Structures are given as C-alpha cells and as structure tokens.
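Peer 1: Okay, here's the structure, questions in a sec.
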Amino acid sequence: MQDFLLIDNLAQLKCISDPFRIKLLECLYDTSKTGQQLADELEIPRAKIHYHLREMEKYGFIEIVKTEQKISIIQKFYAPTAKAFIPADHLLQFHPDDQQEKSGKELKVQIDEKELPQLKKDLKKFLKKASSKSGDTQYEIHIETVKK
C-alpha cells in the first residue's frame, strides 16, 4: 500500500467524493475483505457493494489483493491502494477575481437628461426588489452622464 495517491482528474475526484465509498474505504483500511463480507458488515445488498467496488477499482482507489476459491465461487479480497487520497492542486483552483470579471455585465443606455431622475428611482426600486429575492446578492448600478 502506498502512502498516498494523487487524484489528478475530475472523474477520480467525483468517484471518491461519494460518502458511501468513503465508508467502504474505511471498512477496508485495516483488513482486506470481499464484497460479501462488506455487504454482511454494512447490511447492504451485495449488488450495491459490488457496483461501488468496481467503480473504485476502475479509478485506482482499491485493488484485489488476493483471491480464494470457495466451492465454485472465486472470492476477491479488496484493499485500498493508498493510506491517503489527495486531490491535485489544479483540481481545486479557484480565482474569485476571474469569476467576477467573467460574470460582470455592462449595459449602456442613452436617455434624455429630463428622464434621468425617474430612471434612477425606477432602477433603485428594481435593485432593492432583485437583491431581496436573491438572498445575499447585492446589485450595483453606476450611472455616468455624458455631455454631447
């Protein structure tokens, strides 16, 4: 068993993010077990256990460490491939400044100067209503007057 396994793609991260799969890894940490042993221990149908074991094996989180033949059935014993699973940095990068730039919108409107006070009142009402409906989102409007 390795000390750690680096999760380097989103498919792996998605696979290991399931709380039930984490529970299976915990059950396998000290002793390798078969799907049937896990099903008995967790009181869950064997088919469900085997589905999750196949997915975790596919992405390299567990491996078959031994097989035994019992009557006409081949039992596979599973164990984790590492003591810890660590996501690669590039999977968890987040830049709030980039997000803000991407989501920012700009609208340019030309309006008669006489109608500007009414527009400001209407926008203020709209923003107050929109901000309260969306929870903690705050909207802002910046009005610039341009002389022709």
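Peer 1: Please specify each residue of the range 48-81 satisfying the condition of being over 23 Å from the mean Cα position of the chain (by Cα), of a type outside the set (Asp, Glu) and open to solvent by 70 Å² or more (accessible area, probe 1.4 Å).
Peer 2: Passing the criteria: Val65, Lys66, Thr67, Gln69, Lys70, Ile71, Ser72, Ile73, Ile74, Lys76.
Peer 1: What pairs come out if I take residues in the range 71-93 that are over 21 Å from Lys14 (Cβ atoms) and pair them with residues that are open to solvent by 100 Å² or more (accessible area, probe 1.4 Å) and assigned to a strand (DSSP E or B) whose C-beta lies under 6 Å away, six or more apart or interchain?
Peer 2: Close Cβ pairs (under 6 Å, with a partner that is open to solvent by 100 Å² or more (accessible area, probe 1.4 Å) and assigned to a strand (DSSP E or B)) amount to Lys83/Asp3.
Peer 1: For Lys14, state whether it is within 26 Å of Pro87 (Cβ to Cβ) and touching a residue at least 40 places away in the same chain (Cβ under 8 Å).
Peer 2: No, not satisfied.
Peer 1: If I ask for residues that are of a type in the set (A, V, I, L, M) and either surrounded by fewer than 19 Cβ atoms within 10 Å (Cβ to Cβ) or without any contact (Cβ under 8 Å) to a residue 12 or more places away in the chain (or both), which ones from the range 26-39 would you list?
Peer 2: Within the range 26-39, Ala39 is the sole residue that qualifies.
Peer 1: Further question: Restricting the search to the range 1-19, which residues are farther than 15 Å from Tyr59 by Cβ and either of a type in the set (A, V, I, L, M) or open to solvent by less than 40 Å² (accessible area, probe 1.4 Å) (or both)?
Peer 2: Residue satisfying the conditions is Met1 alone.
Peer 1: Here is a further query. Cβ-Cβ below 6 Å, separation at least six or inter-chain, first residue in the range 52-70 and touching a residue at least 12 places away in the same chain (Cβ under 8 Å) and among the aliphatic types (A, V, I, L, M), second in a strand (DSSP E or B) and open to solvent by 70 Å² or more (accessible area, probe 1.4 Å): which pairs?
Peer 2: Correct list of pairs: Ile64/Lys76.
Peer 1: Anything in the range 85-102 that is surrounded by 10 or more Cβ atoms within 10 Å (Cβ to Cβ) and modelled with pLDDT of 70 or more? List them, or say none.
Peer 2: The answer is Phe85, Ile86, Pro87, Ala88, Leu91.
Peer 1: For the range 25-69, which positions are in a strand (DSSP E or B) and among the hydroxyl-bearing types (Ser, Thr, Tyr)?
Peer 2: Thr67
The values are calculated or read from the model by the stated rules, or taken from the named source; none is laboratory data. None of these values were measured; they are calculated from a predicted model. Here the Cβ is made from the backbone with ideal geometry for all residues, glycine too, and neighbour counts use every protein chain on show. Note: areas computed on protein heavy atoms with side chains; ligands, DNA, RNA excluded. Shrake-Rupley method; radii C 1.70, N 1.55, O 1.52, S 1.80 Å.
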